[in-house]
Amino acid sequence: MGSEAAPPPPTPPALPPKWASKPCIMGIDEAGRGPVLGPMVYGCLYCPRTYQKTLSTLNFADSKTLKEEKREELFENLKADESIGWAVDVIDPRELSAKMLKKSKINLNEISHDSAIGLINKVLNLGVLLTEVYLDTVGDTEKYRVKLSERFPNIKFVVAKKADSLYPVVSGASIVAKVTRDRTLRDWVLGETAEHLHNNFGSGYPGDPQTKKWLEDHKHSVFGFPTLVRFSWGTCTSYSKDFVEVLWEADVTDEDGNGRTSKRQLKLTSVGFTQQKRKTEDIESSGKGRCKFFQARKLELLPQF
């Protein structure tokens, strides 16, 4: 079906601000954690601690409570404010699916933690003196705070539920993340070559009727969905009943209880389209073994390299 081209996100300043050596605060928030379509975006906003009172007068609020036009206006205002810095991490839906479906799975909380840590490192590497960081909770509040404190012992962390409605610096980060995700989705180019593709997918949330219709119209019996879709989401399960069963030729030789060897194949439909626990025999089936390409060239897997 081809591949898609995600538009580049807004570009934050690459140079440290002139106030970087002063004690600074930072807020971090995300947009797009729940949707089945598109990227998850983490955004941060930082400023001198002395600017904190002024920040509370800029009408920042939880981005979910603001209309799109107001979010866009506030985002342009903060970009033009020389006392504010910002940055984003746009996590592609393909990356989300790959991490959540790989053999050693990385869950969404871990991905979120890594993104937040990456933003902190990014700003510190600019030379900004971060002394306080405010975040919305992801998972257990205290465990998350301890994890961050151990990683960055010189920074005070405040992890709280609904932080985007409690702290203006997090509200600003919420606007950064939300506007970036909205723009990315609005400008997304579907690169698949199938006919009748379109971008009228609604909000991207699983319960949205327009999103459901888009998923139904864009499913493919072999390839599943365009890579705008997060294959790892349970929402995709109900659409997999019409998918073709694909068997991968095995790379590993298994030995049964009688000392005989057999090849194993993994069913494509066992990956990402069910949340139910399945028996090994339901996931694997006997196959013909290694691909002829490898056999003809006498290529084998190396246990060590």
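Express in nm, to one decimal, how much length is gained between ASP114 and ASN77 on full extension, taking 0.36 nm for each residue of separation and deducting their alpha carbon distance.
Full extension of this stretch gives 10.5 nm more.
Could you tell me the ratio Rg/Rh of region 83-167? Both radii from Cα atoms, Rh via Kirkwood.
Looking at region 83-167, the ratio lands at 0.98.
Determine the principal axes of the Cα atoms in region 54-208, then give the extent along each, sorted from largest to smallest and rounded to whole angstroms.
That works out to 54, 42, 30 Å along the principal axes.
Taking 0.36 nm per residue of sequence separation and subtracting the Cα-Cα distance, how much length would be gained by fully extending the chain between ARG33 and GLN52, in nm to one decimal?
Here the segment from ARG33 to GLN52 would lengthen by 4.1 nm.
Which number do you get for Rg(Cα) / (2.2 N^0.38 Å) in region 27-119?
1.26
When the chain is fully extended, how far beyond the present Cα-Cα distance does THR11 get from ASN59, taking 0.36 nm per residue of separation?
So the chain would gain 15.0 nm between THR11 and ASN59.
If you take the beta carbon distance between VAL146 and SER240 as r and set R0 to 45 Å, what does 1/(1 + (r/R0)^6) give as a FRET efficiency, to the nearest 0.05?
0.70
Read the figures in this text as sums done on the coordinates, not as results from a lab. Computed from a prediction, not measured in an experiment: that's the story for all the values here. Using ideal geometry, Cβ is built from the backbone for each residue, glycine included, and neighbour counts are taken over all protein chains shown.
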